[in-house]
Amino acid sequence: FSTGRILRRSGFTGELRAVGTVLRDQLAFLHRVGFNSVDADDRVTPTTWAQALDEMSHAYQPSADGLSTIFDLRAARQRATA
């Protein structure tokens, strides 16, 4: 995870592939830090990958995907109501 994040923040735009045992609950996190390919066992199918990406709508940590964090959203809401 850390390597993917560092590479993406450094400007690497090529393929980042996770290889080995990848659990379903790790798929969205892999995507958030910049991995765009998985070479895992048969349990990780394209359908599984797509479903896992839709399971998280908010994040606590900033990452390579540009998704606003919970803290950013909270601060924006507070500014809007102030």
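The values are calculated or read from the model by the stated rules, or taken from the named source; none is laboratory data. The shown structure was predicted, so the numbers you read here are calculated from the model rather than taken from an experiment. FYI the Cβ positions are ideal-geometry reconstructions off the backbone, even for glycines, and counts take in every protein chain you see.
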Filtering region 52-82 down to residues that are farther than 25 Å from residue 10 by Cβ and at pLDDT below 85 yields 52, 54, 55, 57, 58, 82
Taking region 10-26 and the residues there that are outside any loop (DSSP other than H, G, I, E, B) and exposed (fewer than 13 other Cβ atoms within 10 Å of the Cβ), the one that is modelled with the highest pLDDT would be 19
